[in-house]
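This report concerns only the one structure given below.
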Amino acid sequence: MTHEAVQANVLRALIEMEPAALCSLSFSILEIGAAPLEGAIEPFYQLTDIFPESRIVSLEVDESLCIDLNRKAKDGHQFYPAALGRTEETRQFFQTTDPICSSLYRPNEELLARYYNMESVVLERVTSIDTVSLDHFVAKKMIDDVDFIKIDIQGAELEVFQGGMSTLRSVPVIVSEVEFVPQYINQPLFGDVCSFLMAQGFMFHKFLGMAGRALRPVLMHNDRNSASQHIWTDAMFIKDILRLSELPVEKLLKMGILSYLYNSPDVAYSCFHAADEKGQTDIGLKFLQTGRNIGAKKPARRRWLPRFRH
C-alpha cells in the first residue's frame with residue numbers, strides 16, 4: 001500500500017468514526033502557478049476524492065494551457081487564466097526558455113550562468129501582462145473562504161500575499177516556493193516571505209525537500225542537478241500553534257487534515273485535540289488509533305518532492 005493510500009484510508013476511517021464533525025467538510029483550495037510537471041505529486045489533490053464537495057481553483061497565465069487542463073480536469077478542479085500580483089496593473093513579464101520559469105521579475109542571468117543546468121531560466125523576450133491582486137480575484141470568483149494556498153510563481157509569491165491580506169485571514173496552511181539566492185533580480189527571498197507571513201499570524205513549519213545546483217566547472221556526483229548550493233524549495237507555513245484556540249473548529253479540522261497530508265501528524269493531532277476541546281469530540285485520540293491500525297504495515301517510504309520548476 002502506498003503512502004498516499006494509507007493517508008486516504010486513515011482519513012476515510014476517521015470520517016466514518018466522526019461523521020457529524022467530518023463528513024460535511026469541504027475544502028476551498030487555491031493553486032497559484034499550476035502548470036503540471038511530470039512526476040509532480042500534490043498531496044492536496046487527494047482532497048476532492050476524500051471530501052467530494054471540495055473545490056480546487058488553479059491559476060496559470062497561459063490561457064490555452066488552462067483550456068486544455070480544464071478538458072482533462074476532475075470534478076471540483078477548475079483552471080483559470082490569470083496572473084496574480086500585488087494589485088491591478090500592467091507589468092513587464094519576462095518569458096524564459098522554459099515557460100514555467102517565466103516571471104514578473106527579470107532572471108538574474110549573471111548569477112545563474114555560474115551554475116549547472118539553469119538554462120531553463122534564460123530570458124527569451126520581455127512582454128507585458130495584466131495582473132490582479134489575490135483579494136480581487138477571490139472576490140470576482142466569489143470564493144468566500146480559502147482553506148489552503150499552494151503557490152509557485154517564480155519569485156513573485158510575496159507580492160501575491162501582499163495583495164491578499166483579506167484572503168489570508170481564513171487560510172490555516174500555505175505551501176509556497178521560496179528562494180535563498182536571487183534567481184530573479186530584486187526578488188524577495190525566503191526571509192522576506194517568512195517575515196511577512198509571520199506578521200499575518202503564520203509560523204514557518206518546514207521545508208519540503210531542497211533544491212539547488214553546483215558551481216561550474218565542478219560536476220558533483222556526475223550529475224548536473226546535484227547541488228552544493230541550496231537555491232530554492234517549497235516552504236510550509238501554518239497558523240501559529242500558540243493561537244490554535246482562536247481558530248474555529250472547522251478550520252482546526254482542516255488544518256489538521258492538511259498537515260497530515262503533508263506528513264506532519266504531530267501538527268494534525270494538535271489541531272484535532274484543539275477542535276475536541278471546543279466541540280466535545282474525540283477526533284484526536286481516534287486519529288492516533290486509526291493511524292496505528294492502518295499504518296501497522298508501513299509502506300515503503302516515499303520521499304515527497306516539491307514541484308520544482310527548473
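General observations
- Gaussian network model of the chain, Cα within-10 Å springs - most flexible of Pro52, Pro182, Pro217: Pro217
- Note on Asp130 and Ile41: the extension gain reaches 29.1 nm, defined as 0.36 nm multiplied by sequence separation minus the Cα-Cα distance.
- Ordering of 236-243, 254-261, 41-48 by packing is 254-261, 41-48, 236-243, highest average first (other Cβ atoms within 10 Å, averaged per residue).
- Descending by average beta-carbon neighbour count within 10 Å, the peptides 62-68, 116-122 line up as 116-122, 62-68, the highest first.
- Backbone HN-Hα couplings from phi across the stretch 276-289 [Karplus 6.51/-1.76/1.60, Hz, Gly and Pro as x]: 4, 5, 8, x, 6, 10, 9, 5, x, 5, 5, 4, 4, 5
- Helical runs (DSSP H, four residues minimum) scored at -39500 (n - 2.57) apiece and divided by the length of the chain put the mean residue ellipticity at 222 nm at -9500 deg cm²/dmol.
- Projected onto its three principal axes, the C-alpha set of the chain covers 58, 48, 40 Å, listed from the longest axis down.
- Take every Cα pair under 8 Å whose residues are at least 6 apart in sequence, average their separation, divide by the length of the chain, and the relative contact order is 18 percent.
- Peptides 171-178, 96-103 ranked from most to least packed give 171-178, 96-103, packing being the mean of other C-beta atoms within 10 angstrom over each peptide's residues.
- Vicinal HN-Hα couplings computed from phi for the stretch 168-173 (Karplus, 6.51 cos²θ - 1.76 cosθ + 1.60; Hz; Gly/Pro x): 4, 4, 8, 8, x, 9
- For the pair Gln92 and Asn293, label points projected 7 Å from Cα toward Cβ lie 6.1 nm apart.
- FRET efficiency, 1/(1 + (r/R0)^6) with R0 25 Å, evaluated for Arg169 and Glu110 via beta carbons: 0.05
- Working from label points 7 Å from Cα in the Cα-to-Cβ sense, the Leu219 to Arg71 distance is 4.0 nm.
FYI, it's all coordinate maths here, none of it is from the lab. Please read all numbers here as calculations on a predicted model, not as lab measurements. Note: ideal-geometry Cβ built from the backbone for every residue, glycine included; neighbour counts use all protein chains shown.
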